[in-house]
Amino acid sequence: EIAKWNPKALDLWEKFAVPENDDKESFQSSFVRHVTSTLARSVYNIDNFSAYQATAHTVRDRLIKRWNDTQQAHAEVGPKRVYYLSLEFLLGRSLDNALLNLGLKESYGEGVEDLGFRMEDVLDQEVDAALGNGGLGRLAACYMDSLATLDYPAWGYGLRYTYGIFQQRLNDGFQVEFPDYWLNFDNPWELPRLDVVIDIYFGGSVSKYTDNNGRVRAIWEGGEPIQAVAYDVPIPGYGTKNCINIRLWSSKPKRKFDLKHFNEGQYEKAVQAQMEAENITAVLYPNDNHMVGKELRLKQQYFWVAASLADIVRRFKKSEKPISDFPKQVAIQLNDTHPTLAIVELQRILVDVEGLEWDDAWDIVTDTFAFTNHTILPEAMEKWPVPVLTYLLPRHMQIIFDINLFFLQSVEKKYPDDRDLLARLSIIEESSPQFVRMAHLAIVGSHRVNGVAELHSNLIKTTIFKDFVKFFGQEKFQNKTNGITPRRWLHQANPKLSDLITEKLGNKDWLKDLFKLKQLEKYVDDPDFKKRWVAVKGSNKARLADYIKKQTGISVNSNALFDIQVKRIHEYKRQFMNILSVIHRYNLLKKMTPKQRKETVPRVVIFGGKAAPGYYIAKLVIKLINSVADVVNKDLSIEDTLKVVFIPDYNVSVAEIIVPASDISQHISTAGTEASGTSNMKFVLNGGLILGTVDGANIEIHEEIGDENIFMFGNLADKVEDLRHAHRYRNKQMDPALKAVLDDIESGHFGDPRIFVPLINTLTIGKDYYLLSDDFGSYLRAQDMVDEAYKDKDEWAKKSILCTARMGKFSSDRAIKEYAESIWNVEPIPVEEVREHKLHE
Ligand code: OX2
């Protein structure tokens, strides 16, 4: 348009575009401009934080350029897009990641140094975007990195929480929570789209009418609208110009205040609606693997899926394709059951708004959606009371009943007279009140269902979703083993190891094809290479030791074996078993002669992780760890052979310091309970060995890296039910070593033992549901094997190298390609090729 009016204008636009070939100078000019114009500061008035902001704004300008080019290329090609719906995106920090992915780290680093700052300090100013609880949210973040890197036309959709996951501090060894007001300072990594606003309705009523064709149709007239406002977060790919988008919705009142109340002098009432609207996206629910049935959480879920679907449908309609093409243009992945209402919302749009017949609409819906299950823990299964849904979303509740009716009719047809089967498969749990089982709805409304590691995918097929496999057949149920992005989890977190690998392999191709790490195997017996490998690990351990000293005041010896367990605190993850084994070790060390102690491998046992604020037992585990640490760390008689550390406020940026520094990391869930785990992959990729159970992705890691390079122990998943039964009904004897440790706690050795009674009761009155007693013996033996193996430094170095070399499979790129090919049916669109093509036209 502009070109028609003024043919020379385009040249000017070109001339002043954000630079494509960026260098030190262009960075510095932009930096200084942002300091003076964006931040209204000057050279006399600038600190590390402003330097961070100016650098971030410079990078943001570049990201916006790529973001625009990518969106434009997608608009031109009109490809099938994939939409990843996740209530959590645990992104962490963005600056370092963007610099590395854009290939600007070096030039900008020099540039900022010339201006009087150190890049390291600048990077350290950023607060994490912590819009997630743990593995599920971090998986979504890794997947976005891979989608961008592999040039897929993808969007993420989530919520822009005003408060992310709480900050954890310790008071007398107990966890205390503080709000994470991460938007306190401006957030350069989001682009507010104040013009992209969607009205979302709750409540209201449904009426029926007869349309022109004599069909009876429903119309839902909602109550007061609440606005969803879009904030876009650009996600740059590595070594590509593609930059994709995560769209986060923020809630706002449509009407600012109620004039009637205002004029009557009822000022609080006048703003009440506004406050309620803003509440919807105020906080992230801090529960991992646990359902808490709060109405506000249900409102979050609907608010988010309704806004996202309206956006997706609007984008589809721009293509002017017939509505039957919807599944050819749109794939929607449901990250757990949290977005399941999207299935119902799309059916509602197609039937009530677009006027489609029910069956035609339902075919479109099921062809569009696919569902990822992340857990089989019963307490994590989402179900919502029918009365609450009826009152918040009356039309959706009707649609759910209809979906269920037609589904059960088809079951009945295939298996006549199997009433129990109908009851087991039903989307409605026939209790009082009734509940909607979200996983059942997600399965019925999707064409593919996947688990997140081999074992887990097999377990869902044989346990919780067994009857669905019987009805739908095997093909609907797939495995997609999780992955992690090597860009953040090796290149960014462990720059020294990354450099060493790049030097040996001759280039950085491995960052886009992680199987290339295999080539490192050539060097496992090269003494010089081994020496450098070990030196990198040593320097990462020293970096962590510094961090520990700063955060906790505890001095640790970085020559000791670093043994790390960092993850959410949960009974099934068995941090309790770990700390009990530490007490066991401590008691052995105390009994040793000085000579014996000299021969033992010194250990630093490191814990980190948050407990859900309402999870009493998990909080007691944190307290016990700190109580044990207090006693052990003060005890000079054991001569620094053991230290125990709890690192507070574990999050993504802290993980980037911890992960590269492990000799051993622990992934010791009761077999069958950890669906996959992803930190196991991060540690091994960084040359750390695993002490783990035969669970989740540990099994596949074992398969890849080989028997000699991993320490596995414990009962297998198929024994778990029998063992639990034995605890319940056979008065099973407790492992004697475990019993001795519990006696030690009860004697008051680690402070007032009354505090720990409920925790110890989980093993006795609670019938040891997570089978600590059954695995304790083999756990201790595995620990001994770790000590023994660590004595041979040369062999250990070899194991460490082989670990890294064999981790190709666990790149999130591999996982994303599998999703793209066997679930979404989407193809890469490299923006540069699209632009080249246009230039040649
Ligand atoms: C987690 C699972 O517990 C973990 O095993 C898995 O690696 C991760 O999701 C990513 O798939 N909430 N968090 C999870 O599941 C649920 C539910």
>> So, in region 446-476, exactly how many residues are more than 16 Å from the ligand (Cβ to nearest atom) and free of Cβ contacts under 8 Å to residues at least 60 places away in the same chain?
In response: 12
> Which members of region 195-218 meet the condition of being among the aliphatic types (A, V, I, L, M) and either surrounded by 10 or more Cβ atoms within 10 Å (Cβ to Cβ) or within 27 Å of the chain's Cα centre (by Cα) (or both)?
Replying inline: VAL196, VAL197, ILE198, ILE200, VAL206, ALA218
> Looking only at residues in region 136-169 that are polar (S, T, N, Q) and within 21 Å of VAL566 (Cβ to Cβ), which one is farthest from the ligand (Cβ to nearest atom)?
Replying inline: GLN167
>> Among the residues of region 433-441, are any within 22 Å of the chain's Cα centre (by Cα) and either within 16 Å of the ligand (Cβ to nearest atom) or not hydroxyl-bearing (Ser, Thr, Tyr) (or both)?
In response: yes
> In this structure, is GLN53 surrounded by 21 or more Cβ atoms within 10 Å (Cβ to Cβ), not aliphatic (A, V, I, L, M) and not assigned by TED's automatic domain parsing to the domain that holds SER146?
Replying inline: yes
> Yes or no: GLU708 surrounded by fewer than 23 Cβ atoms within 10 Å (Cβ to Cβ) and within 16 Å of the ligand (Cβ to nearest atom)?
Replying inline: no
>> I need the helices (runs of 4 or more DSSP H) fully contained in region 1-119, keeping only those with at least 3 residues that are touching a strand residue (DSSP E or B) at 6+ places or on another chain (Cβ under 7 Å).
In response: 48-77
>> Cβ-Cβ under 7 Å, sequence separation 6+ or interchain: first residue in region 516-543 and within 14 Å of GLU795 (Cα to Cα), partner part of a helix (DSSP H, G or I) and at pLDDT below 95. Which pairs?
In response: none
> Considering only residues of region 374-392 that are free of Cβ contacts under 8 Å to residues at least 60 places away in the same chain and away from the ligand (no atom under 16 Å from the Cβ), which is farthest from PRO327 (Cα to Cα)?
Replying inline: PRO387
> If you go through region 754-798 one residue at a time, how many are part of a helix (DSSP H, G or I) and either assigned by TED's automatic domain parsing to the domain that holds LYS573 or touching a residue at least 40 places away in the same chain (Cβ under 8 Å) (or both)?
Replying inline: 30
> For region 1-42, how many residues meet the condition of being in contact (Cβ under 8 Å) with a residue 24 or more places away in the chain and within 23 Å of GLN125 (Cβ to Cβ)?
Replying inline: 8
> Cβ-Cβ below 8 Å, separation at least six or inter-chain, first residue in region 232-246 and in contact (Cβ under 8 Å) with a residue 24 or more places away in the chain, second charged (D, E, K, R) and part of a strand (DSSP E or B): which pairs?
Replying inline: ASP232/ARG193; ASP232/ARG247; VAL233/ARG247; ASN245/ASP232; ILE246/ASP232
> When you go through ALA655, ALA726 one by one, which is the residue that is farther than 25 Å from VAL582 by Cα and either in contact with a strand residue (DSSP E or B) (Cβ under 8 Å, 6 or more places away or on another chain) or more than 16 Å from the ligand (Cβ to nearest atom) (or both)?
Replying inline: ALA726
> Taking SER107, is it surrounded by 22 or more Cβ atoms within 10 Å (Cβ to Cβ) and of a type in the set (Ser, Thr, Tyr)?
Replying inline: no
> Given THR678, THR670, THR693, THR641, which one is away from the ligand (no atom under 16 Å from the Cβ) and of a type outside the set (Phe, Trp, Tyr)?
Replying inline: THR641
> So PHE371 fits all but one of (1) away from the ligand (no atom under 16 Å from the Cβ); (2) crowded, with 21+ Cβ neighbours inside 10 Å; what number is the exception?
Replying inline: (1)
> If you scan region 805-822, which residues turn out to be surrounded by fewer than 21 Cβ atoms within 10 Å (Cβ to Cβ) and either free of Cβ contacts under 8 Å to residues at least 24 places away in the same chain or of a type in the set (Val, Ile, Thr) (or both)?
Replying inline: GLU821
>> Being touching a residue at least 40 places away in the same chain (Cβ under 8 Å) and either surrounded by 24 or more Cβ atoms within 10 Å (Cβ to Cβ) or not in a loop (DSSP other than H, G, I, E, B) (or both): is that true of ALA270 here?
In response: no
> Scanning for something surrounded by 14 or more Cβ atoms within 10 Å (Cβ to Cβ), of a type in the set (A, V, I, L, M) and within 16 Å of the ligand (Cβ to nearest atom), does region 484-498 turn up at least one residue?
Replying inline: yes
>> Being in a loop (DSSP other than H, G, I, E, B) and of a type in the set (Ser, Thr, Tyr) is the filter here; which residues of region 159-173 pass it?
In response: TYR161, THR162
>> Just to be sure before I move on: is ASN187 within 16 Å of the ligand (Cβ to nearest atom) and either under 21 Å from the mean Cα position of the chain (by Cα) or in contact (Cβ under 8 Å) with a residue 60 or more places away in the chain (or both) in the structure I sent?
In response: no
> Say we look at region 118-135 and pick out the residues that are closer than 20 Å to LEU490 by Cα and within 10 Å of the ligand (Cβ to nearest atom); which of these is surrounded by the most Cβ atoms within 10 Å (Cβ to Cβ)?
Replying inline: GLY135
>> Here is a check on your reading of the model: is GLY156 of a type in the set (Gly, Ala, Ser) and either in contact with a Pro (Cβ under 7 Å, 6 or more places away or on another chain) or not in a strand (DSSP E or B) (or both)?
In response: no
> Right, ILE332: in contact (Cβ under 8 Å) with a residue 24 or more places away in the chain, at negative phi and part of a strand (DSSP E or B) or not?
Replying inline: yes
> Which members of region 513-530 meet the condition of being under 16 Å from TYR238 (Cα atoms) and not in a helix (DSSP H, G or I)?
Replying inline: ASP513
> Only one of (1) surrounded by fewer than 19 Cβ atoms within 10 Å (Cβ to Cβ); (2) out of contact with any Asp or Glu (no Cβ under 7 Å at 6 or more places or on another chain) fails for LEU341. Which number is that?
Replying inline: (1)
>> Can you find a residue that is out of contact with any strand residue (DSSP E or B) (no Cβ under 7 Å at 6 or more places or on another chain), within 30 Å of HIS570 (Cβ to Cβ) and surrounded by fewer than 21 Cβ atoms within 10 Å (Cβ to Cβ) anywhere in region 411-425?
In response: yes
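The values are calculated or read from the model by the stated rules, or taken from the named source; none is laboratory data. Predicted, not measured: the structure shown is a model, and the values here were computed from it. Cβ: placed from backbone, ideal geometry, glycine included. Neighbour counts: every protein chain shown.
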